[in-house]
Amino acid sequence: MVNINVRRLTPRGFGKLSLLVTIGLAQLVVLTADDLYSVHKENQGQQEAGNITSSEAGLTLTALQNQEATLLARILDEAMSDPQVAFRRGLDWDQDVLKGAEGTVYVPYTLRIDPDVVGSESIIAGIRVVERSGTVPESATPPQTQSNALEQDSTQGQSTASTAGLGMESPVTEPPTYAFEDFHFVTLSDMQMQDDAYQFSRAFQVPGGQYDVYVALKDLQLVETPDELMQNLSTEVRQAVFKFAVNIPDLSNDLSTSSVFVFERLERISTALTPAQLREDPYAIGSMRFVVRNSENFSTADELKFGFFIYNMQVDINGKPDVTVEYNFHRQGEAGEEFFNATSPQEFNKETVRPNFDAEQGHQLLAGQDVPLSVFPVGSYRMEIAVTDNASGNLLTRDLHFTVGEKVES
């Protein structure tokens, strides 16, 4: 068995970032989860009295932006109500999960958009998260043609007059509510391009459960002058709607972990981010930013860097854990899977965590390693992560699949 030299995310490892990464980040993520929960509850997009607000700025949109968001909301309404709606291909969805505040789960996600889906430099993206087990709310913004708009206008006065004559108040339609809804105005030049797809990352926060996520994209048509209007009328406007089934685990009770983050690097954030910056930077957690790697393909010149949070372990009277994390690598081939190697286990206990670590105060454990792949033969691998809570005897496992190829000579 080849010996693997690793740099581990431990209180005495991972270079100058050890205190912030292992303990400071774990402590700060709890505070950040509360902040994120507050931000999303207050500012997530809602339809109120015909106005749409967006958490992109946390403020009511301009009149032109509101028109665009209303059009996109109608596209989402139709996608939810019409079983014959044609959902597009050309959009990939990736998500991660972390423990949030008040029993919720923080879900940073990345959209990968095929360039053929959009045709303009500026687009609007609408995200709507709906509980799968719940009933579909009645649309508050039904698609409206010119004819039925005129018909509604002509009958509205009669309806109001008849109810008033009977001494009745006109019924008030409550706007629908969703687990989450938001609208974002973005430009393609601001997105990262990888593997011939535009990448766009944001986040939402919901309780654990099963959800349908509807995503609508549309070229912007914002106009302020007649000339701009005529120019837009002669330009093809692309729009598309997508649907994804999403399962969000409950991270609030039993021994559990966040997603296993594979990243390029960890960056320290020197100044606090504003709410608007935080929304555009969903992998900024506390004083650190995970620069996530969006590919499972590596070369022998690369390092496999990964990390994850451990939740709900049993602790002693001082809030100290007793957790062991093991990492076993299995090589996969045509004949099946065989054990390849293992790295040294990580121990999180009163001897290894910082003296002021206290899980009862919300501090969380961040485990992970930095594994050089130079000793890995070319092939496909499964890394099995085994987390054992020695105090309770509970055990859970997580798998991470990746491939190793030849080093590309420059």
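Quick note: the coordinates plus some simple rules give every number you see, no bench work behind them. The shown structure was predicted, so the numbers you read here are calculated from the model rather than taken from an experiment. Ideal geometry is used to build each Cβ from the backbone, glycine not excepted, and the neighbour counts take in all protein chains shown.
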Per principal axis, descending, Cα span of segment 248-317 in whole Å: 42, 37, 27
Qualifying GluC sites (Glu not before Pro) in segment 244-310, DSSP loop, other Cβ atoms within 10 Å at most 14: Glu296
Neighbourhood charge, 13 Å Cβ-Cβ cut-off, centred on Asp94 and excluding it, Lys, Arg +1 and Asp, Glu -1: -1
Local electrostatic count, Asn328, Cβ distance below 14 Å [Lys/Arg +1, Asp/Glu -1]: -2
Inter-probe distance in nm under a simple model that places probes 7 Å from Cα toward Cβ, at Glu267 and Val85: 3.5
Proxy reagent accessibility, fewest Cβ within 10 Å first, across Glu338, Glu121, Glu409: Glu409, Glu338, Glu121
Cβ-based net charge around Gly379, under 12 Å, with every Lys or Arg adding one and every Asp or Glu removing one: -2
Phi-based couplings in Hz for segment 238-246 (Karplus 6.51, -1.76, 1.60; Gly and Pro marked x): 9, 8, 7, 10, 9, 9, 10, 8, 10
Residue pairs, from the table Lys99/Lys407; Lys99/Lys350; Lys99/Lys218; Lys305/Lys350; Lys218/Lys305, whose Cα atoms sit over 29 Å apart: Lys99/Lys407; Lys99/Lys218; Lys218/Lys305
Label-point gap, in nm, between Asn253 and Ser299 - each point 7 angstrom along Cα→Cβ: 4.9
Per-residue Cβ neighbour rank within 10 angstrom, fewest leading, Ile285, Ile127, Ile317: Ile317, Ile127, Ile285
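Once R0 is set to 51 Å, what does the formula 1/(1 + (r/R0)^6) return for the Cβ-Cβ distance between Glu360 and Phe339, expressed as a FRET efficiency to the nearest 0.05?
With R0 = 51 Å, the Cβ-Cβ based efficiency is 0.85.
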Semi-axes of the equivalent ellipsoid for segment 256-404, Cα gyration tensor, largest first, Å: 28, 23, 12
Globularity ratio of segment 59-101, using Cα Rg and 2.2 N^0.38 Å: 1.66
Percent breakdown of C-alpha pair distances by 10 Å bin, ordered from the shortest bin, for segment 293-355: 15, 35, 29, 17, 4, 0
